[in-house]
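Heads up, the thing below is written out as structure tokens.
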Amino acid sequence: MNTFSIAIHGGAGTLVKGMMTPALESRYKQALETALEKGYTVLEKGGTAIDAVEHAVKLLEDSPLFNAGKGSVFTANETHEMDASIMDGKTLNAGAVSLISGIKNPVGLARDVMEKSEHVFLAGEGAMEFAKQLHYKIEDAPYFYDEFRHKQWLEIKDTDSFQLDHATKKDSKFGTVGAVACDQDGNIAAATSTGGMTNKKWGRVGDSPMIGAGNYANNKTCAISCTGSGEFFIRGVVAYDVACLMEHKGMSVQEASNEVINKRILEINGDGGLIAVDSQGNIAMPFNTEGMYRASKSSNGEEEISIYK
């Protein structure tokens, strides 16, 4: 039987230790552990990698602690715009949605795009129309209201500033959630979801829903979910870059991930991190920021739940 494993993340960036109380740190780690165990249980029971990553990400979307789903930040118009993507490494099928609102679990809609449409990527009004055809419940604004998120927005509304999630200063934390998994058959998958950036304008879209930039999976190489300064991760085609280094340079998942996060993306001033798994169940979780909310568990007995380096 193949070694099976799962890794999840809840964002990277400058996670200021002085602001992180023991109680809050405990809440984050508990939320990560709950999502990790949910995904791992799917794998342990012989389930697929694609099911494992979807289940794990949905739990992260349901937590107000992370900038995705329920915890999504406010846009310049005091609304919520969410993005998500999912990819199956066995078939290279993928689904993605962007600029959607009122959807409790965007990753579920991304999977429906993959499995119930002929397309890969739906955005805005079209994505919402697709959701309504599938009888998705559209949640009211109060479901997504979080006092901490609203205060973040009030501090910078009516300005040209934006910030990435739990920022005490501009650009200090990248709010994304994601999961990658390898199942007992050696198939791998990746899923990523985000609420974007506080006070974002003009329908801005980051790397999270972009296949090859913020999310990618191919059984030949690896499954990747990214979190970082989206504009740079798009320019660096980060997720696919890791897979390319493995395929064409023969690097391991750890070597390729480190090369991209600690060298290539830094060369264009990008910061953040990623989680990756290969079809042997090997996991990599590099980041070039002060911290990254992350957790992993493998059938070989290895387990980790961490925030800082």
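Scanning region 138-153 for residues that are open to solvent by 40 Å² or more (accessible area, probe 1.4 Å), assigned to a helix (DSSP H, G or I) and not aliphatic (A, V, I, L, M) yields PRO142, TYR143, GLU147, PHE148, LYS151. Could you please tell me which pairs satisfy a Cβ distance under 8 Å, a separation of 6+ or placement on different chains, a first residue in region 206-222 that is more than 16 Å from GLY175 (Cβ to Cβ), and a second residue that is of a type in the set (A, V, I, L, M) and part of a loop (DSSP other than H, G, I, E, B)? Listed by first residue and then by second, the contacts come to ILE211/VAL120; GLY212/VAL237; ALA213/VAL237; ALA217/LEU92; ASN218/LEU92.
You will find that of ASN187, ASN215, the residue that is surrounded by fewer than 24 Cβ atoms within 10 Å (Cβ to Cβ), modelled with pLDDT of 95 or more and under 16 Å from ASP88 (Cα atoms) is ASN187 and no other. Those helices (runs of 4 or more DSSP H) of region 168-262 in which at least 2 residues are among the hydrophobic types (A, V, I, L, M, F, W, C) and within 26 Å of GLY47 (Cα to Cα), considering only elements entirely within it, cover 238-249. Considering region 51-76 alone, what residues qualify as being closer than 21 Å to GLU115 by Cβ, open to solvent by 10 Å² or more (accessible area, probe 1.4 Å) and under 14 Å from the mean Cα position of the chain (by Cα)? If the condition is that a residue be closer than 21 Å to GLU115 by Cβ, open to solvent by 10 Å² or more (accessible area, probe 1.4 Å) and under 14 Å from the mean Cα position of the chain (by Cα), then GLU54, HIS55, LYS58, LEU59 are the ones that fit. Which of the numbered conditions does PHE174 fail, given that it passes all the others? Conditions: (1) at pLDDT 95 or above; (2) crowded, with 24+ Cβ neighbours inside 10 Å; (3) in contact with a Gly (Cβ under 6 Å, 6 or more places away or on another chain); (4) not basic (Lys, Arg). Failed condition: (1).
Checked against (1) open to solvent by 20 Å² or more (accessible area, probe 1.4 Å); (2) among the polar types (S, T, N, Q); (3) at pLDDT below 95, SER299 passes all but a single condition, namely (3). Taking region 79-100 as the search range and keeping residues that are of a type in the set (Asp, Glu) and either free of Cβ contacts under 8 Å to residues at least 12 places away in the same chain or in a strand (DSSP E or B) (or both), which one is least open to solvent (accessible area, probe 1.4 Å)? Checked region 79-100; the qualifying residue least open to solvent (accessible area, probe 1.4 Å) is ASP83. Looking across region 65-104, the residues that are closer than 18 Å to CYS226 by Cβ and acidic (Asp, Glu) come down to ASP83, ASP88.
Table: residues versus (1) open to solvent by 40 Å² or more (accessible area, probe 1.4 Å); (2) at pLDDT below 95.
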| position | (1), (2) |
| --- | --- |
| ASN262 | yes, no |
| ILE268 | yes, no |
| GLY281 | no, no |
| ALA284 | no, no |
| THR289 | no, yes |
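Please tell me if ALA84 is within 20 Å of GLY10 (Cβ to Cβ) and either touching a helix residue (DSSP H, G or I) at 6+ places or on another chain (Cβ under 9 Å) or at pLDDT below 95 (or both). For ALA84, the condition - within 20 Å of GLY10 (Cβ to Cβ) and either touching a helix residue (DSSP H, G or I) at 6+ places or on another chain (Cβ under 9 Å) or at pLDDT below 95 (or both) - is met. Based on this model, can you work out whether ALA127 counts as of a type outside the set (Val, Ile, Thr) and either without any contact (Cβ under 8 Å) to a residue 60 or more places away in the chain or assigned to a strand (DSSP E or B) (or both)? Considered against the rule, which asks whether it is of a type outside the set (Val, Ile, Thr) and either without any contact (Cβ under 8 Å) to a residue 60 or more places away in the chain or assigned to a strand (DSSP E or B) (or both), ALA127 comes out as yes.
Scanning region 219-228 for residues that are surrounded by 24 or more Cβ atoms within 10 Å (Cβ to Cβ) and at pLDDT 95 or above turns up THR221, CYS222, ALA223, ILE224, SER225, CYS226, THR227. With respect to being over 25 Å from CYS182 (Cβ atoms), open to solvent by 10 Å² or more (accessible area, probe 1.4 Å), at pLDDT 95 or above and of a type in the set (Asp, Glu), GLU115 falls outside the description.
The values are calculated or read from the model by the stated rules, or taken from the named source; none is laboratory data. Source: prediction; values computed, not measured. With ideal geometry, Cβ positions are generated from the backbone for all residues, glycine too; neighbour counts draw on all protein chains shown. Areas reflect the complete protein model, heavy atoms only, side chains present, ligands, DNA and RNA absent. Shrake-Rupley method; radii C 1.70, N 1.55, O 1.52, S 1.80 Å.
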